[in-house]
Amino acid sequence: MVSRVIPVEPFDLVIFGGTGDLARRKILPGLYRRFQAGQMTDDSRIIGAARGELSDEAFRNLVAEAIAEFLPKTQQDPAAIADFLKRLQYVAVDAQGENGWPQLKALVRDDVVQAFYFSVAPALFGDLASRLTAHGIAGPQARVVVEKPFGRDLATAKALNATLAQHFAESQIYRIDHYLGKETVQNLMAVRFANILFEPLWKSEYVDHVQITVAETVSVEGRGAYYDTSGAMRDMVQNHLMQLLCLIAMEPPYHFDPNAVRDEKLKVIRALDPVRPEDIVRGQYVGLKGQASYLEDAENKNSKTESYIALKLHISNWRWKGTPFYLRTGKRLRARASEIAITFREPPHSIFDDAEGWRENVLVIRLQPDEGMNLKVMIKEPGPGGMRLTQVPLDMSFADALGEAAQDVPDAYERLIMDVIRGNQTLFMRGDEVEAAWAWADPIIEGWERRGERPQPYDPGSSGPEDALMLMHRDGRRWREIR
Ligand code: NAD
(Lines give C-alpha, C1' and ligand atoms only; values in the text may rest on other atoms or scores of the structure.)
Protein backbone atom coordinates (compact mmCIF):
# COMPACT_ATOMS: atom_id res chain seq x y z
CA MET A 1 0.00 0.00 0.00
CA VAL A 2 1.40 3.41 -0.93
CA SER A 3 0.31 6.44 1.06
CA ARG A 4 -1.21 9.23 -1.02
CA VAL A 5 0.31 12.67 -0.86
CA ILE A 6 -2.01 15.55 -1.62
CA PRO A 7 -0.13 18.85 -2.02
CA VAL A 8 -1.29 21.68 0.20
CA GLU A 9 -1.94 25.23 -1.00
CA PRO A 10 1.05 27.58 -1.38
CA PHE A 11 2.01 29.07 1.99
CA ASP A 12 4.35 31.34 3.90
CA LEU A 13 5.20 29.80 7.25
CA VAL A 14 7.03 32.01 9.73
CA ILE A 15 8.71 30.10 12.55
CA PHE A 16 9.33 32.36 15.52
CA GLY A 17 12.09 30.63 17.45
CA GLY A 18 13.32 29.18 14.15
CA THR A 19 16.81 28.68 15.57
CA GLY A 20 15.61 26.98 18.78
CA ASP A 21 15.76 23.37 19.88
CA LEU A 22 12.23 22.40 18.85
CA ALA A 23 12.56 24.02 15.41
CA ARG A 24 15.85 22.22 14.77
CA ARG A 25 14.77 18.82 16.09
CA LYS A 26 11.21 18.59 14.80
CA ILE A 27 9.70 21.46 12.84
CA LEU A 28 12.35 22.08 10.16
CA PRO A 29 13.33 18.42 9.51
CA GLY A 30 9.59 17.65 9.39
CA LEU A 31 8.99 20.35 6.79
CA TYR A 32 11.84 18.99 4.69
CA ARG A 33 10.19 15.55 4.81
CA ARG A 34 6.90 16.99 3.56
CA PHE A 35 8.74 18.88 0.82
CA GLN A 36 10.54 15.70 -0.22
CA ALA A 37 7.22 13.83 -0.26
CA GLY A 38 5.83 16.42 -2.67
CA GLN A 39 3.31 17.90 -0.27
CA MET A 40 4.76 21.39 -0.24
CA THR A 41 4.39 23.33 -3.46
CA ASP A 42 7.44 24.98 -5.06
CA ASP A 43 6.21 28.48 -4.34
CA SER A 44 5.79 27.90 -0.58
CA ARG A 45 8.29 29.50 1.75
CA ILE A 46 9.54 29.06 5.28
CA ILE A 47 10.83 32.08 7.13
CA GLY A 48 12.92 31.58 10.25
CA ALA A 49 12.45 34.42 12.72
CA ALA A 50 14.41 34.61 15.94
CA ARG A 51 16.43 36.99 18.02
CA GLY A 52 19.93 36.30 16.71
CA GLU A 53 21.33 38.08 13.62
CA LEU A 54 21.76 35.49 10.84
CA SER A 55 22.03 35.68 7.08
CA ASP A 56 19.71 33.52 4.94
CA GLU A 57 22.80 31.47 4.13
CA ALA A 58 23.67 30.89 7.78
CA PHE A 59 20.07 29.89 8.55
CA ARG A 60 20.07 27.43 5.64
CA ASN A 61 23.29 25.93 6.98
CA LEU A 62 21.70 25.58 10.41
CA VAL A 63 18.72 23.79 8.87
CA ALA A 64 20.96 21.53 6.74
CA GLU A 65 22.81 20.55 9.92
CA ALA A 66 19.54 19.90 11.76
CA ILE A 67 18.34 17.61 8.94
CA ALA A 68 21.68 15.76 9.01
CA GLU A 69 21.50 15.39 12.79
CA PHE A 70 17.86 14.53 13.36
CA LEU A 71 16.74 12.51 10.35
CA PRO A 72 17.94 9.01 9.52
CA LYS A 73 20.42 8.82 6.64
CA THR A 74 17.88 6.97 4.50
CA GLN A 75 15.63 10.05 4.54
CA GLN A 76 18.38 12.46 3.50
CA ASP A 77 18.44 13.13 -0.22
CA PRO A 78 21.13 15.78 -0.99
CA ALA A 79 19.37 17.07 -4.12
CA ALA A 80 16.02 17.41 -2.33
CA ILE A 81 17.70 19.06 0.67
CA ALA A 82 19.40 21.63 -1.60
CA ASP A 83 16.05 22.32 -3.27
CA PHE A 84 14.27 22.61 0.10
CA LEU A 85 16.87 25.05 1.46
CA LYS A 86 16.12 27.45 -1.42
CA ARG A 87 12.66 27.91 0.11
CA LEU A 88 14.10 29.19 3.39
CA GLN A 89 14.71 32.75 4.47
CA TYR A 90 15.59 34.34 7.77
CA VAL A 91 14.81 37.57 9.53
CA ALA A 92 16.08 38.70 12.93
CA VAL A 93 13.06 39.78 14.95
CA ASP A 94 12.69 40.83 18.56
CA ALA A 95 9.36 39.71 19.96
CA GLN A 96 9.58 42.37 22.65
CA GLY A 97 10.95 45.24 20.57
CA GLU A 98 10.47 46.84 17.17
CA ASN A 99 13.56 45.32 15.60
CA GLY A 100 12.93 43.30 12.43
CA TRP A 101 9.15 43.73 12.07
CA PRO A 102 9.19 45.95 8.94
CA GLN A 103 11.57 43.45 7.31
CA LEU A 104 9.23 40.61 8.19
CA LYS A 105 6.27 42.51 6.78
CA ALA A 106 8.15 42.97 3.51
CA LEU A 107 8.75 39.22 3.28
CA VAL A 108 5.35 37.74 4.14
CA ARG A 109 2.96 37.55 1.16
CA ASP A 110 -0.75 38.16 1.60
CA ASP A 111 -2.00 36.13 -1.35
CA VAL A 112 -0.98 32.72 0.06
CA VAL A 113 -1.83 30.84 3.26
CA GLN A 114 -0.11 32.60 6.16
CA ALA A 115 0.96 30.59 9.19
CA PHE A 116 2.91 31.83 12.19
CA TYR A 117 4.45 29.20 14.42
CA PHE A 118 5.18 30.47 17.96
CA SER A 119 8.03 28.13 18.90
CA VAL A 120 9.16 30.39 21.72
CA ALA A 121 8.49 30.65 25.45
CA PRO A 122 4.72 31.20 26.10
CA ALA A 123 5.59 34.48 27.86
CA LEU A 124 6.25 35.85 24.35
CA PHE A 125 2.97 34.71 22.72
CA GLY A 126 1.20 37.97 23.54
CA ASP A 127 4.08 40.13 22.26
CA LEU A 128 4.20 38.20 18.99
CA ALA A 129 0.44 38.28 18.48
CA SER A 130 0.16 42.02 19.12
CA ARG A 131 3.10 42.93 16.85
CA LEU A 132 1.90 40.67 14.05
CA THR A 133 -1.39 42.53 13.96
CA ALA A 134 -0.02 46.00 14.78
CA HIS A 135 2.40 45.78 11.84
CA GLY A 136 -0.35 44.52 9.56
CA ILE A 137 1.57 41.31 8.83
CA ALA A 138 -1.09 38.75 9.71
CA GLY A 139 -4.15 38.88 7.45
CA PRO A 140 -7.69 37.92 8.57
CA GLN A 141 -7.16 34.30 7.52
CA ALA A 142 -3.71 33.93 9.11
CA ARG A 143 -3.13 30.95 11.41
CA VAL A 144 -1.06 30.92 14.57
CA VAL A 145 0.40 27.78 16.05
CA VAL A 146 1.23 27.77 19.74
CA GLU A 147 3.40 25.29 21.62
CA LYS A 148 3.02 23.79 25.03
CA PRO A 149 2.95 24.52 27.90
CA PHE A 150 -0.40 26.25 27.53
CA GLY A 151 -0.51 27.75 31.00
CA ARG A 152 0.44 26.16 34.32
CA ASP A 153 -3.04 26.38 35.84
CA LEU A 154 -6.51 27.59 34.93
CA ALA A 155 -5.75 31.24 35.62
CA THR A 156 -2.65 31.36 33.41
CA ALA A 157 -4.34 29.36 30.62
CA LYS A 158 -7.30 31.75 30.68
CA ALA A 159 -4.95 34.73 30.54
CA LEU A 160 -3.11 33.21 27.57
CA ASN A 161 -6.39 32.50 25.77
CA ALA A 162 -7.58 36.05 26.45
CA THR A 163 -4.33 37.53 25.12
CA LEU A 164 -4.50 35.50 21.91
CA ALA A 165 -8.20 36.29 21.53
CA GLN A 166 -7.43 40.02 21.45
CA HIS A 167 -5.69 39.49 18.10
CA PHE A 168 -6.99 36.25 16.58
CA ALA A 169 -10.27 34.37 16.31
CA GLU A 170 -10.44 30.88 17.83
CA SER A 171 -10.64 29.49 14.28
CA GLN A 172 -7.15 30.91 13.64
CA ILE A 173 -5.48 29.42 16.73
CA TYR A 174 -3.80 26.01 16.59
CA ARG A 175 -2.72 24.75 20.03
CA ILE A 176 -0.34 21.87 19.46
CA ASP A 177 -0.47 18.63 21.39
CA HIS A 178 1.84 16.44 19.35
CA TYR A 179 0.28 13.27 20.80
CA LEU A 180 -2.75 14.01 18.66
CA GLY A 181 -0.59 13.95 15.54
CA LYS A 182 0.50 10.37 16.08
CA GLU A 183 -0.71 7.91 13.47
CA THR A 184 -2.06 5.44 16.02
CA VAL A 185 -4.00 8.08 17.90
CA GLN A 186 -5.91 8.94 14.77
CA ASN A 187 -6.28 5.28 14.04
CA LEU A 188 -7.99 4.95 17.38
CA MET A 189 -10.78 7.11 15.99
CA ALA A 190 -10.86 5.14 12.74
CA VAL A 191 -11.05 1.82 14.59
CA ARG A 192 -13.80 3.08 16.87
CA PHE A 193 -15.95 4.89 14.35
CA ALA A 194 -15.33 3.17 11.01
CA ASN A 195 -16.06 -0.36 12.26
CA ILE A 196 -19.16 -1.85 13.77
CA LEU A 197 -17.10 -4.33 15.79
CA PHE A 198 -15.88 -2.30 18.71
CA GLU A 199 -18.38 0.46 19.36
CA PRO A 200 -21.18 -1.76 20.75
CA LEU A 201 -18.71 -3.09 23.33
CA TRP A 202 -17.20 0.31 24.10
CA LYS A 203 -18.90 0.91 27.45
CA SER A 204 -18.75 -0.06 31.08
CA GLU A 205 -21.02 -3.05 30.54
CA TYR A 206 -18.21 -4.72 28.56
CA VAL A 207 -15.05 -2.80 29.45
CA ASP A 208 -13.55 -3.70 32.82
CA HIS A 209 -10.96 -0.96 32.87
CA VAL A 210 -8.63 1.13 30.72
CA GLN A 211 -4.92 1.72 31.26
CA ILE A 212 -3.00 4.58 29.69
CA THR A 213 0.77 4.47 30.09
CA VAL A 214 3.37 6.92 28.87
CA ALA A 215 6.71 5.67 30.20
CA GLU A 216 10.03 7.32 29.49
CA THR A 217 13.57 6.14 30.24
CA VAL A 218 15.10 9.62 30.14
CA SER A 219 15.71 11.67 33.26
CA VAL A 220 15.04 15.39 33.57
CA GLU A 221 18.76 16.13 33.32
CA GLY A 222 19.45 19.28 31.35
CA ARG A 223 15.95 20.69 31.85
CA GLY A 224 15.66 19.90 35.57
CA ALA A 225 15.21 23.48 36.71
CA TYR A 226 12.30 24.00 34.28
CA TYR A 227 10.78 20.58 34.95
CA ASP A 228 10.86 21.17 38.69
CA THR A 229 8.37 24.02 38.29
CA SER A 230 6.05 21.68 36.41
CA GLY A 231 6.10 17.94 37.25
CA ALA A 232 4.43 14.96 35.59
CA MET A 233 0.86 16.16 36.20
CA ARG A 234 1.33 19.49 34.45
CA ASP A 235 3.88 18.30 31.88
CA MET A 236 2.11 15.12 30.73
CA VAL A 237 -1.26 14.33 32.34
CA GLN A 238 -3.16 17.60 31.94
CA ASN A 239 -2.40 17.64 28.20
CA HIS A 240 -1.14 14.44 26.52
CA LEU A 241 -2.74 11.74 28.68
CA MET A 242 -5.93 13.76 28.98
CA GLN A 243 -6.18 14.01 25.20
CA LEU A 244 -5.74 10.24 24.85
CA LEU A 245 -8.37 9.65 27.51
CA CYS A 246 -10.78 11.92 25.64
CA LEU A 247 -10.36 10.06 22.36
CA ILE A 248 -11.05 6.73 24.04
CA ALA A 249 -13.96 7.89 26.12
CA MET A 250 -15.77 10.38 23.87
CA GLU A 251 -19.13 9.76 22.24
CA PRO A 252 -19.18 9.41 18.45
CA PRO A 253 -19.17 12.92 16.98
CA TYR A 254 -21.93 13.50 14.40
CA HIS A 255 -19.25 14.15 11.79
CA PHE A 256 -15.47 14.07 11.62
CA ASP A 257 -15.42 17.81 11.87
CA PRO A 258 -13.06 19.87 14.08
CA ASN A 259 -15.68 21.36 16.35
CA ALA A 260 -17.83 18.23 16.51
CA VAL A 261 -14.81 16.16 17.65
CA ARG A 262 -13.68 18.79 20.12
CA ASP A 263 -17.19 19.23 21.54
CA GLU A 264 -17.23 15.52 22.41
CA LYS A 265 -13.75 15.60 23.95
CA LEU A 266 -14.75 18.57 26.08
CA LYS A 267 -17.77 16.68 27.45
CA VAL A 268 -15.46 13.91 28.66
CA ILE A 269 -13.25 16.31 30.59
CA ARG A 270 -16.30 17.93 32.15
CA ALA A 271 -17.63 14.52 33.21
CA LEU A 272 -14.46 13.60 35.12
CA ASP A 273 -15.01 13.10 38.83
CA PRO A 274 -12.72 14.86 41.29
CA VAL A 275 -9.86 12.47 42.08
CA ARG A 276 -9.56 11.21 45.67
CA PRO A 277 -6.10 11.64 47.24
CA GLU A 278 -5.89 7.86 47.80
CA ASP A 279 -6.28 7.35 44.05
CA ILE A 280 -3.11 9.29 43.26
CA VAL A 281 0.48 8.07 43.63
CA ARG A 282 3.33 10.46 42.96
CA GLY A 283 6.95 9.40 42.68
CA GLN A 284 10.47 10.74 42.37
CA TYR A 285 13.35 8.63 41.03
CA VAL A 286 16.29 8.06 43.36
CA GLY A 287 19.97 7.90 42.37
CA LEU A 288 21.43 4.50 41.61
CA LYS A 289 24.83 3.20 40.52
CA GLY A 290 26.35 6.63 40.13
CA GLN A 291 23.36 8.04 38.25
CA ALA A 292 21.84 11.22 39.56
CA SER A 293 18.61 11.27 41.54
CA TYR A 294 15.69 13.51 40.62
CA LEU A 295 16.68 15.90 43.40
CA GLU A 296 20.17 16.22 41.91
CA ASP A 297 18.86 16.58 38.34
CA ALA A 298 16.41 19.24 39.49
CA GLU A 299 19.15 20.94 41.55
CA ASN A 300 16.67 21.28 44.37
CA LYS A 301 17.25 18.96 47.31
CA ASN A 302 13.91 19.85 48.88
CA SER A 303 11.83 19.42 45.74
CA LYS A 304 8.37 17.92 46.13
CA THR A 305 7.76 17.80 42.38
CA GLU A 306 6.79 14.42 40.92
CA SER A 307 8.70 12.73 38.11
CA TYR A 308 6.07 9.97 38.13
CA ILE A 309 2.35 9.92 38.66
CA ALA A 310 -0.35 7.25 38.63
CA LEU A 311 -4.03 8.07 39.00
CA LYS A 312 -7.35 6.32 38.94
CA LEU A 313 -10.10 8.31 37.25
CA HIS A 314 -13.83 7.93 36.93
CA ILE A 315 -15.99 9.42 34.22
CA SER A 316 -19.50 10.16 35.42
CA ASN A 317 -21.69 9.49 32.42
CA TRP A 318 -23.93 6.67 31.19
CA ARG A 319 -21.25 5.06 29.07
CA TRP A 320 -18.44 4.87 31.61
CA LYS A 321 -19.99 4.73 35.07
CA GLY A 322 -18.20 1.85 36.80
CA THR A 323 -15.18 1.57 34.49
CA PRO A 324 -12.04 3.04 36.03
CA PHE A 325 -9.36 4.65 33.87
CA TYR A 326 -5.85 4.18 35.24
CA LEU A 327 -3.26 6.64 34.00
CA ARG A 328 0.48 6.61 34.66
CA THR A 329 3.48 8.42 33.33
CA GLY A 330 7.03 8.92 34.50
CA LYS A 331 10.70 9.48 33.82
CA ARG A 332 13.56 7.00 34.24
CA LEU A 333 11.29 3.99 33.99
CA ARG A 334 12.12 0.52 32.71
CA ALA A 335 11.38 1.18 29.04
CA ARG A 336 10.17 3.85 26.67
CA ALA A 337 6.65 2.75 25.95
CA SER A 338 3.33 4.49 25.39
CA GLU A 339 0.17 2.50 25.10
CA ILE A 340 -3.52 2.41 25.79
CA ALA A 341 -4.95 -0.93 26.90
CA ILE A 342 -8.66 -1.63 27.01
CA THR A 343 -9.43 -4.68 29.09
CA PHE A 344 -12.80 -6.30 28.49
CA ARG A 345 -14.89 -8.12 31.05
CA GLU A 346 -15.27 -11.87 31.46
CA PRO A 347 -17.88 -13.60 29.34
CA PRO A 348 -21.04 -14.00 31.46
CA HIS A 349 -20.76 -17.78 31.51
CA SER A 350 -18.04 -20.23 30.50
CA ILE A 351 -18.96 -23.42 28.69
CA PHE A 352 -15.36 -24.67 28.90
CA ASP A 353 -13.80 -26.60 31.76
CA ASP A 354 -10.43 -25.01 31.15
CA ALA A 355 -11.08 -22.01 33.37
CA GLU A 356 -7.39 -21.60 34.12
CA GLY A 357 -6.50 -20.99 30.51
CA TRP A 358 -8.94 -18.10 30.27
CA ARG A 359 -7.61 -14.55 29.97
CA GLU A 360 -9.45 -11.30 29.38
CA ASN A 361 -9.70 -9.85 25.88
CA VAL A 362 -7.44 -6.83 25.70
CA LEU A 363 -7.18 -4.27 22.93
CA VAL A 364 -3.76 -2.64 23.07
CA ILE A 365 -3.11 0.51 21.13
CA ARG A 366 0.60 1.13 21.03
CA LEU A 367 1.85 4.65 20.37
CA GLN A 368 5.56 4.03 20.71
CA PRO A 369 7.68 2.24 19.84
CA ASP A 370 6.24 0.04 17.04
CA GLU A 371 2.97 1.91 16.51
CA GLY A 372 0.12 -0.50 16.02
CA MET A 373 -2.79 -2.33 17.60
CA ASN A 374 -3.13 -5.72 19.04
CA LEU A 375 -6.28 -7.54 20.12
CA LYS A 376 -5.83 -10.47 22.45
CA VAL A 377 -8.41 -13.19 21.82
CA MET A 378 -8.97 -16.70 23.15
CA ILE A 379 -8.62 -19.65 20.80
CA LYS A 380 -8.32 -23.41 21.19
CA GLU A 381 -4.81 -24.57 21.86
CA PRO A 382 -3.79 -26.33 18.65
CA GLY A 383 -3.51 -30.12 18.51
CA PRO A 384 -5.29 -33.07 20.07
CA GLY A 385 -5.88 -33.40 23.79
CA GLY A 386 -9.26 -31.89 24.34
CA MET A 387 -10.49 -28.32 24.50
CA ARG A 388 -7.74 -26.29 26.11
CA LEU A 389 -7.77 -22.54 25.72
CA THR A 390 -4.95 -20.20 24.91
CA GLN A 391 -4.69 -16.52 24.18
CA VAL A 392 -3.20 -15.22 20.94
CA PRO A 393 -2.69 -11.68 19.69
CA LEU A 394 -4.45 -10.53 16.56
CA ASP A 395 -1.66 -8.26 15.51
CA MET A 396 -2.44 -5.11 13.60
CA SER A 397 1.11 -3.82 13.52
CA PHE A 398 1.23 -1.15 10.83
CA ALA A 399 4.69 -2.20 9.74
CA ASP A 400 3.39 -5.60 8.62
CA ALA A 401 0.00 -4.59 7.29
CA LEU A 402 0.98 -1.48 5.39
CA GLY A 403 4.45 -2.46 4.21
CA GLU A 404 6.42 0.47 2.79
CA ALA A 405 3.72 3.01 3.56
CA ALA A 406 4.23 2.33 7.28
CA GLN A 407 7.95 3.14 7.01
CA ASP A 408 6.97 6.48 5.66
CA VAL A 409 4.38 7.44 8.24
CA PRO A 410 4.85 11.17 8.87
CA ASP A 411 6.05 12.28 12.25
CA ALA A 412 3.38 13.94 14.41
CA TYR A 413 4.80 17.42 13.78
CA GLU A 414 4.82 16.93 10.00
CA ARG A 415 1.20 15.95 9.95
CA LEU A 416 0.11 18.71 12.30
CA ILE A 417 1.90 21.47 10.38
CA MET A 418 0.27 20.28 7.14
CA ASP A 419 -3.10 20.36 8.95
CA VAL A 420 -2.42 23.99 9.87
CA ILE A 421 -1.81 24.84 6.22
CA ARG A 422 -4.99 22.97 5.23
CA GLY A 423 -6.90 24.86 7.93
CA ASN A 424 -8.01 21.70 9.74
CA GLN A 425 -8.21 22.14 13.52
CA THR A 426 -9.47 18.65 14.40
CA LEU A 427 -6.17 17.57 15.97
CA PHE A 428 -5.59 20.80 17.88
CA MET A 429 -6.90 21.69 21.30
CA ARG A 430 -9.60 24.29 21.52
CA GLY A 431 -9.31 27.00 24.18
CA ASP A 432 -12.22 25.70 26.24
CA GLU A 433 -10.77 22.17 26.24
CA VAL A 434 -7.47 23.38 27.66
CA GLU A 435 -9.29 25.40 30.31
CA ALA A 436 -11.50 22.45 31.27
CA ALA A 437 -8.44 20.23 31.65
CA TRP A 438 -6.83 22.78 33.96
CA ALA A 439 -10.07 23.20 35.90
CA TRP A 440 -9.89 19.44 36.54
CA ALA A 441 -6.15 19.38 37.36
CA ASP A 442 -5.95 22.49 39.56
CA PRO A 443 -7.72 21.18 42.68
CA ILE A 444 -5.71 17.95 42.52
CA ILE A 445 -2.41 19.84 42.42
CA GLU A 446 -3.59 22.30 45.08
CA GLY A 447 -4.54 19.32 47.26
CA TRP A 448 -1.08 17.79 47.41
CA GLU A 449 0.56 21.19 47.68
CA ARG A 450 -1.68 22.09 50.63
CA ARG A 451 -0.95 18.79 52.35
CA GLY A 452 2.79 19.28 51.66
CA GLU A 453 3.02 15.75 50.26
CA ARG A 454 6.36 14.35 49.21
CA PRO A 455 6.47 11.98 46.26
CA GLN A 456 7.46 8.37 46.97
CA PRO A 457 10.94 7.25 45.94
CA TYR A 458 11.35 4.76 43.08
CA ASP A 459 14.33 3.07 41.53
CA PRO A 460 15.42 4.14 38.08
CA GLY A 461 14.75 1.32 35.62
CA SER A 462 11.72 0.15 37.64
CA SER A 463 8.06 0.56 36.78
CA GLY A 464 7.46 3.23 39.42
CA PRO A 465 6.78 3.37 43.17
CA GLU A 466 5.39 0.37 45.06
CA ASP A 467 2.24 2.27 45.96
CA ALA A 468 1.39 2.60 42.27
CA LEU A 469 1.26 -1.20 42.07
CA MET A 470 -1.01 -1.19 45.11
CA LEU A 471 -3.35 1.28 43.42
CA MET A 472 -4.23 -1.52 41.00
CA HIS A 473 -3.82 -4.50 43.35
CA ARG A 474 -6.38 -3.25 45.78
CA ASP A 475 -8.91 -3.28 42.93
CA GLY A 476 -7.86 -6.83 42.02
CA ARG A 477 -6.13 -5.64 38.84
CA ARG A 478 -2.57 -5.31 37.59
CA TRP A 479 -0.68 -2.84 35.50
CA ARG A 480 0.57 -4.17 32.22
CA GLU A 481 4.30 -4.67 32.14
CA ILE A 482 6.28 -1.69 30.84
CA ARG A 483 8.44 -2.99 27.97
P1 NAD B 1 14.83 27.33 22.72
O2 NAD B 1 15.24 28.10 23.95
O3 NAD B 1 15.76 26.29 22.20
O4 NAD B 1 14.61 28.38 21.53
C5 NAD B 1 13.95 29.58 21.72
C6 NAD B 1 13.90 30.36 20.41
O7 NAD B 1 13.20 31.57 20.67
C8 NAD B 1 15.26 30.77 19.83
O9 NAD B 1 15.19 30.65 18.43
C10 NAD B 1 15.37 32.24 20.23
O11 NAD B 1 16.16 33.02 19.33
C12 NAD B 1 13.93 32.67 20.16
N13 NAD B 1 13.69 33.84 21.01
C14 NAD B 1 13.89 33.96 22.34
N15 NAD B 1 13.54 35.20 22.75
C16 NAD B 1 13.13 35.88 21.64
C17 NAD B 1 12.66 37.20 21.41
N18 NAD B 1 12.54 38.10 22.39
N19 NAD B 1 12.30 37.52 20.16
C20 NAD B 1 12.39 36.63 19.16
N21 NAD B 1 12.83 35.38 19.31
C22 NAD B 1 13.20 35.01 20.55
O23 NAD B 1 13.39 26.77 23.01
P24 NAD B 1 12.69 25.45 22.41
O25 NAD B 1 13.14 24.29 23.21
O26 NAD B 1 12.88 25.40 20.95
O27 NAD B 1 11.16 25.69 22.79
C28 NAD B 1 10.31 26.59 22.09
C29 NAD B 1 8.88 26.39 22.56
O30 NAD B 1 8.46 25.08 22.29
C31 NAD B 1 8.67 26.60 24.06
O32 NAD B 1 7.36 27.10 24.27
C33 NAD B 1 8.72 25.17 24.60
O34 NAD B 1 8.01 25.04 25.81
C35 NAD B 1 8.04 24.43 23.48
N36 NAD B 1 8.38 23.01 23.41
C37 NAD B 1 9.66 22.62 23.20
C38 NAD B 1 9.96 21.27 23.11
C39 NAD B 1 11.35 20.79 22.85
O40 NAD B 1 11.51 19.57 22.74
N41 NAD B 1 12.34 21.64 22.75
C42 NAD B 1 8.94 20.32 23.23
C43 NAD B 1 7.62 20.75 23.42
C44 NAD B 1 7.37 22.10 23.50
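Things worth noting here:
- Value of relative contact order over region 11-147, rounded to a whole percent, pairs C-alpha under 8 Å and six or more apart: 31 percent
- Ranked by the mean number of other Cβ atoms within 10 Å per residue, highest first, peptides 208-216, 324-332, 281-289, 389-397 order as 324-332, 208-216, 281-289, 389-397.
- Principal-axis analysis of the Cα atoms of the chain puts helix 431-450 at an angle of about 60° to the longest axis.
- Under 9 Å, Cβ to Cβ, from Ser44 - net charge with Lys/Arg +1 and Asp/Glu -1: -2
- Other residues with beta-carbon under 10 Å from the beta-carbon of Lys380 carry, at +1 per Lys or Arg and -1 per Asp or Glu, a net charge of -1.
- Potential extension, Gln76-Asp153 segment - 0.36 nm per residue separation minus Cα distance: 23.6 nm
- Figure note: Ile15, Ile280 ranked by solvent-accessible area, largest first, 1.4 Å probe, ligands and nucleic acids not counted: Ile280, Ile15.
- Of all aspartates and glutamates in the structure, those lying under 12 Å Cα to Cα from Lys312, and not within fewer than 8 positions of it along the same chain, are Asp273, Glu278, Asp279, Asp475.
- Between region 123-167 and region 241-266, the Cα center-to-center distance that results, in Å: 24 Å
- The base-10 log of I(q)/I(0) for region 11-147, evaluated at q = 0.10, 0.16 Å⁻¹, reads -0.30, -0.77 [Debye formula, identical scatterers on Cα atoms, solvent excluded].
- Placing R0 at 41 angstrom, the Cβ-Cβ distance between Glu199 and Gln141 gives a FRET efficiency of 0.65 after rounding to 0.05.
- Around Glu360: net Lys/Arg minus Asp/Glu count, Cβ-Cβ under 12 Å: +4
- Each 5 Å bin from zero up to the one holding the largest Cα-Cα distance in region 24-99 carries the following percent of pairs: 3, 16, 28, 23, 16, 9, 4, 2, 0.
- Acute angle (nearest 10 degrees) that the helix 412-422 long axis makes with the longest principal axis of the chain, alpha-carbon atoms: 60 degrees
- Peptides ranked, highest mean first, by Cβ atoms within 10 Å: ranges 175-183, 370-378: 175-183, 370-378
- Mean accessible surface per residue for region 11-147, computed with a 1.4 Å probe while every protein chain stays in place, in Å²: 41 Å²
- With both labels modelled 7 Å from their Cα along Cα-to-Cβ, the Arg450 to Ala190 distance reads 4.6 nm.
- Using only side-chain charges placed at the Cβ, +1 for Lys and Arg and -1 for Asp and Glu, the dipole size of region 11-147 relative to its Cα centre rounds to 300 debye.
- Computed [θ] at 222 nm, helices only, for the chain once each DSSP H run of length n ≥ 4 contributes -39500 (n - 2.57): -9000 deg cm²/dmol
- C-alpha long axis of helix 154-165 to longest principal axis of the chain, angle in °: 40 degrees
- The chain: projected area of the alpha-carbon convex hull, averaged over directions, in nm²: 25.4 nm²
- Euclidean distance between Cα centres, region 1-72 to region 354-392, Å: 44 Å
- Fraction of antiparallel bridges per DSSP, the chain only, in percent to nearest 5: 55 percent
The values are calculated or read from the model by the stated rules, or taken from the named source; none is laboratory data. Keep in mind the model is a prediction, meaning the values are calculated, not measured. Backbone-built Cβ (ideal geometry, glycine too); neighbour counts: all protein chains shown. We work out accessible area using only protein heavy atoms, side chains counted, and drop any ligands, DNA or RNA first. Shrake-Rupley method; radii C 1.70, N 1.55, O 1.52, S 1.80 Å.
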